[in-house]
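Some notes on the structure that comes next.
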Amino acid sequence: MRNGWLEIGGVVVEDPFLEVDPEGFEFTVDDQPWRYREKAYLMIHKPGDYECSHKPKHHRSIFTLLPEELVNRDVQCVGRLDEDTTGLLLMTDDGQFIHQMSSPKRKVPKVYEITAKHPIDQAQIDQLLAGVLLHGEYEPVVADSCELVSDTVLRLTITQGKYHQVKRMLGAVGNRVEGLKRVRIGALDLPADLAPGEWRWLEAEDLEKLKPA
Ligand code: URA
């Protein structure tokens, strides 16, 4: 706490030993309102050309889209999206939450909207639903569901999270991903009013949607 920076109820706090009840505690730092949160859970609409890394190689870091206060809290990505993938990305400083959400046992469904290079036919959908063996893997990966939106756009649900999984799955059935957007995790949708690059807190009802069904 530095002099003049912290305000509670519009009053500047100068006492560094002031004790507050953390429950529902609200304050402003440099005129920016905050609510005390023991753990930070948020969603961000990942734009293309951002990397889910603190040390990006070719593009900007997704962490540059967050306020410094959250980066300083050591908020991390809950799984990664490729640099060219857009859409719903969760972030938190709760290591246990990251572990649970990423656990293969938990089988969290993730829905991707794929724009394919070639028209997607029923034979490709059947293969995706039956399971495809990806290069270097021993077990096939399956699509939990496939919904054709147009002849080149497919909504694909998977519960695994292997490296470049969706792109490799489409490649395995003889097609190619040209655009990839994650639109849903568990029962939590990417909100229509969250623009690319914007983030927001996950509230209790959002976290509820991420619990196993
Ligand atoms: N599958 C991919 O191929 N890329 C992603 O970013 C996410 C899932």
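Computed from the coordinates by the stated procedures, all read-outs in this text should not be read as laboratory data. As the structure is a prediction and not an experimental result, all values here were calculated from the model. Here the Cβ is made from the backbone with ideal geometry for all residues, glycine too, and neighbour counts use every protein chain on show.
Local charge sum around K107 (other residues, Cβ-Cβ under 13 Å, Lys/Arg +1, Asp/Glu -1)? Neighbourhood net charge equals +3.
Can you pull a Stokes-Einstein diffusion coefficient for the range 87-126 at 20 °C (1.002 mPa s), Rh from Kirkwood over Cα pairs, as a whole number of µm²/s?
162 µm²/s
Are there chymotrypsin sites (Phe, Trp or Tyr not before Pro) in the range 1-109 that DSSP puts in a loop and that have at most 11 other Cβ atoms within 10 Å, and which ones? Don't jump to the answer; show the numbers that get you there.
Working: sites: W5, F17, F25, F27, W34, Y36, Y41, Y50, F63, F97; in loops: W5, F17, F25, Y36.
Filter output for the range 1-109: F17.
Here the translational diffusion coefficient of the range 31-97 follows from Stokes-Einstein with Rh set to the Kirkwood radius across Cα pairs; for 25 °C and 0.890 mPa s it amounts to 196 µm²/s. Remind me, relative contact order of the range 89-207 in percent, using alpha carbon pairs under 8 angstrom and six or more residues apart? Relative contact order of the range 89-207: 31 percent.
Counting only GluC sites (Glu not before Pro) that sit in a DSSP loop (anything but H, G, I, E, B) with at most 12 other Cβ atoms within 10 Å, what is the longest stretch of the chain containing none of them? The segment 39-202 is the longest one with no such site. Other residues within the sphere of radius under 10 Å centred on the Cβ of L88, judged by their own Cβ, net out at +4 (K and R +1, D and E -1). Translational diffusion coefficient of the range 1-140 (Stokes-Einstein, Kirkwood radius from Cα pairs, 25 °C, 0.890 mPa s): 130 µm²/s.
Between H54 and T115, what length in nm is gained on full extension when 0.36 nm per residue of separation is reduced by their alpha carbon distance? Mind showing how you got there, number by number?
Details: separation 61, 0.36 × 61 = 21.96 nm, distance 2.83 nm.
Residue separation times 0.36 nm, minus the Cα-Cα distance, leaves 19.1 nm.
Measuring against 22 Å, Cα to Cα, the residue pairs K39/K209; K46/K110; K107/K167; K55/K167; K57/K211 contain K55/K167; K57/K211 as the ones spanning a longer distance.
Computed over the chain, relative contact order equals 22 percent, with contacts defined as Cα pairs under 8 Å that lie 6+ residues apart. With K and R counted +1 and D and E -1, the other residues having a Cβ less than 9 Å from that of Y41 yield a net charge of -2. The Cα atoms of the range 98-213 give a gyration tensor whose axes a ≥ b ≥ c have a/c of 1.5 or more with a/b no greater than b/c, which makes the shape oblate. Distance from the Cα centroid of the range 173-203 to that of the range 41-101 is 13 Å (rounded to whole angstrom).
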